[in-house]
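What follows is a short report on a single structure.
The values are calculated or read from the model by the stated rules, or taken from the named source; none is laboratory data. Keep in mind that this is a model prediction, so the values were computed, not measured. Reconstructed Cβ throughout: ideal geometry from the backbone, glycine too, with neighbour counts over all protein chains shown.
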Amino acid sequence: MNDIAIDKEHLHYLEQLSEMYPTIGKASSEIINLQAILNLPKGTEHFVSDVHGEYEAFSHVLKNGSGAVRKKIDDVFGLAMNKADKAALATLIYYPREKMELIKQDEPDMDSWYKTTLYKLIEVCKTVSSKYTRSKVRKALPEEYAYVIEELITEKPEVLNKEAYYESIINTTVELGTAEEFIVVLSELIQRLAVDHLHVLGDIYDRGAGPHLIMDRLCRYHSLDIQWGNHDIIWMGAAAGNPACIATVVRNSIRYGNLDVVEEGYGINMLPLATFALKAYKDDPCTRFVFKVAPSGADNMESDLIKKMHKAIAIIRFKLEGQLIKKWPEYGMKERLLLEHIDYEHGTIELEGRTYKLLDTSFPTIDPADPYRLTEGEEEVIQRLRSSFIHCEKLKNHVGLLLKKGSMYKVYNGNLLFHGCIPMEEDGSFAKVNIYGKEYSGKALFDILETYVRKAFFSDDRLERQKGSDIMWYIWTAPYSPLYGRNKMATFERYFIDDDDMKIEKKNFYYDYINKPECAQRILEEFGLHDKRDHIINGHVPVHRLRGESPVKCDGRVIVIDGGFSKAYRRRTGIAGYTLIYNSYGLTLTAHEPFESPETAVRDERDIVSRREAVEVLDKRILVGDTDAGIKMKEKIADLKQLIAAYRSGEIAERDD
């Protein structure tokens, strides 16, 4: 220790470090603690993607840890417990309150059941907590039960008759009438400790009815990161007050029958839009503006109103998008200036050298001489919506989490995580994309886009803030956006043109090249990953298992985990989503069955894990010392050793504690 050379330039940092560790004893103790942590097994990482607002299915996947909880039950009880009893115990851990209510209807001796169940839960708790330090486990414990749980799950060699000791604690818990609450606490603790860190690879928002509930849940989650999806970024743009993003969010919500998310979930007032739509489209049946998914309980009169609102906000959206494309020519999207190509007299549009008959020719709010200008009524609607969005406290909190925990990409423990793609050209090179007058590609493109997203919320410069606001619309829809990655968003064509070829959204060349190992390696190296065991993990494009597609590509280097959380995609994918687990033994992919309801899960003890397959099994167990956190701990150990050397050399004086 005395022989460690002290970098003089490092001395100032060591002096600051000495405030936390003022003596050799304190610094030595911390080194011992850190060294012990380095030798613990790596914590379990859980990857989910493209949740699309499906709250109940997402909540269940968080509860079961994509099979991680059931795996712990198998580890603890093995052949000593049959399959049915394991399923019952797993269901209790996922839904403790609901399951106990059912059990009480049939169980004649609840006190005995409480005692037996508590023993089982304590054994599972011991196993899930074994890879963590006592300090970390203690932080996860609810304050009122911290002492008793620690007593039950910690080995106590000084206690001679352990069985009697544990039995006395459990008997007292039952006698005091607190067994049910204790079972809930233990179940939730198992859920929490089964997964150390959660990765959400984008598209929390979109078609499902509960994105706001998912965000509430994520706000309470103990450890996570988020890679933004294009559906998340459009909501972030709306929260920043961008009119085109607001119009898009509202249109999407109406289109998929989820206006309740906007109105009830976030308290956004839709009355100005409804009032305007009834007046502007009074005699228009708006037959092209039907729901993709009809809202439940809507009568004919309400449906007619919503169709008018749908058309009104769609036209506003097309106008606002046109304004942005004209404002920023460098976006390279002039081919999406569609309203100026309409022949309003003859009801046709000229696109890509062909003339198409429009399926709807009623455009009472469009001036053919200035088609992207909003009418006074439309301007009032969008300004009132904007006021509601930017003043919504709940949305501010949710977007705050997306900014705090989210990013365009994440490099974490040898894995590159992003939602969509790395934009590429036909020859496989990284596409050079013009962002406000300068070209970027690869990692630099992700970085500059993220910089501008953050400027939209935090910049003091008005122009930079506006650029950031507008770039979120670009990220949502642009052909060279890493979060979209298709040649166009054919929303207009789906409404107005009867030609399936015009509705095709061609994928970026990335999706052709990503199956080639040399391409995957080049992408990983672009983001600083050079090990042959590193991976790309992303979502965005559903994996069609029915067509024989596999989520594991490129000799296991690329894993795509969008498999059908969204009900709308399940007919094509054949499953209800893929998730991924990365624990100390390797990578395991989980395919999920459709989630019916929490009630069914509790009553029938049905889980939704249909198949688990190992993607990569390691011959040597991964320790904390092998992870990114471990690298930082080793750096801190080196600093602490230098601090001790500085104490011993007299360059820094020890202080009283």
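With respect to the conditions (1) aliphatic (A, V, I, L, M); (2) farther than 26 Å from W235 by Cα; (3) surrounded by 14 or more Cβ atoms within 10 Å (Cβ to Cβ); (4) out of contact with any strand residue (DSSP E or B) (no Cβ under 6 Å at 6 or more places or on another chain), L449 lacks only one, and its number is (2). Each residue in the range 210-229 was checked for being buried (at least 20 other Cβ atoms within 10 Å of the Cβ) and over 27 Å from L587 (Cβ atoms), and 4 pass. Filtered by the rule that a residue be surrounded by 13 or more Cβ atoms within 10 Å (Cβ to Cβ), in contact (Cβ under 8 Å) with a residue 24 or more places away in the chain and under 25 Å from the mean Cα position of the chain (by Cα), the range 627-643 gives T627, G630. Applying the criterion of being among the β-branched types (V, I, T) and buried (at least 18 other Cβ atoms within 10 Å of the Cβ) to the residues of the range 405-446, the residue that is farthest from I325 (Cα to Cα) is I422.
For G625, the conditions (1) at pLDDT below 90; (2) of a type outside the set (S, T, N, Q); (3) in contact with a Lys or Arg (Cβ under 9 Å, 6 or more places away or on another chain) all hold with the exception of (1).
In the set I254, I234, only one residue is touching a Cys at 6+ places or on another chain (Cβ under 7 Å) and buried (at least 24 other Cβ atoms within 10 Å of the Cβ); that residue is I234. Those helices (runs of 4 or more DSSP H) of the range 49-135 in which 3 or more residues are surrounded by fewer than 24 Cβ atoms within 10 Å (Cβ to Cβ) and either of a type in the set (K, R) or without any contact (Cβ under 8 Å) to a residue 60 or more places away in the chain (or both) occupy 68-77, 83-94, 96-106, 110-129.
You will find that of P142, P157, the residue that is modelled with pLDDT under 90, within 36 Å of the chain's Cα centre (by Cα) and either over 30 Å from R220 (Cβ atoms) or of a type outside the set (K, R) (or both) is P142 and no other.
Here the range 257-268 is the region considered, the condition is being modelled with pLDDT under 95 and part of a loop (DSSP other than H, G, I, E, B), and the residue that is surrounded by the most Cβ atoms within 10 Å (Cβ to Cβ) is N258.
Here is a yes/no grid of residues against (1) farther than 22 Å from I315 by Cβ; (2) outside the structural domain of G65 (by TED's automatic domain parsing); (3) of a type in the set (V, I, T):
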| position | (1), (2), (3) |
| --- | --- |
| Q227 | yes, yes, no |
| M236 | yes, yes, no |
| S253 | no, yes, no |
| V262 | no, yes, yes |
| G267 | yes, yes, no |
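Return the residues of the range 508-526 that are within 24 Å of the chain's Cα centre (by Cα) and touching a residue at least 40 places away in the same chain (Cβ under 8 Å); say none if nothing qualifies. Let's see the steps before the verdict.
Here is the first cut: in the range 508-526, the ones within 24 Å of the chain's Cα centre (by Cα) are 508, 510-511, 514, 520, 523-524, 526.
Answer for the range 508-526, where residues must be within 24 Å of the chain's Cα centre (by Cα) and touching a residue at least 40 places away in the same chain (Cβ under 8 Å): N508, Y510, Y511, I514, I523, L524, E526.
Among the candidates V262, V200, V250, V195, which residue alone is within 23 Å of the chain's Cα centre (by Cα) and without any contact (Cβ under 8 Å) to a residue 40 or more places away in the chain? Talk me through it step by step, then tell me what you get.
Working: V200 fails: without any contact (Cβ under 8 Å) to a residue 40 or more places away in the chain; V250 fails: without any contact (Cβ under 8 Å) to a residue 40 or more places away in the chain; V195 fails: without any contact (Cβ under 8 Å) to a residue 40 or more places away in the chain.
After ruling out the rest, the residue left standing is V262.
Based on what the data block shows, is F318 assigned to a helix (DSSP H, G or I) and surrounded by 15 or more Cβ atoms within 10 Å (Cβ to Cβ)? Yes. Looking at Y221, Y132, just one residue is within 27 Å of K86 (Cβ to Cβ) and outside the structural domain of Y582 (by TED's automatic domain parsing), and that residue is Y221.
From the list G420, G442, G400, which one is over 21 Å from the mean Cα position of the chain (by Cα) and either farther than 30 Å from K42 by Cα or of a type outside the set (D, E) (or both)?
Values: G420 fails: over 21 Å from the mean Cα position of the chain (by Cα); G400 fails: over 21 Å from the mean Cα position of the chain (by Cα).
G442 is the lone residue from the list that is over 21 Å from the mean Cα position of the chain (by Cα) and either farther than 30 Å from K42 by Cα or of a type outside the set (D, E) (or both).
When you look at A490, is it at pLDDT 95 or above, closer than 30 Å to R386 by Cα and surrounded by fewer than 20 Cβ atoms within 10 Å (Cβ to Cβ), yes or no? Judged against the criteria, A490 is a match.
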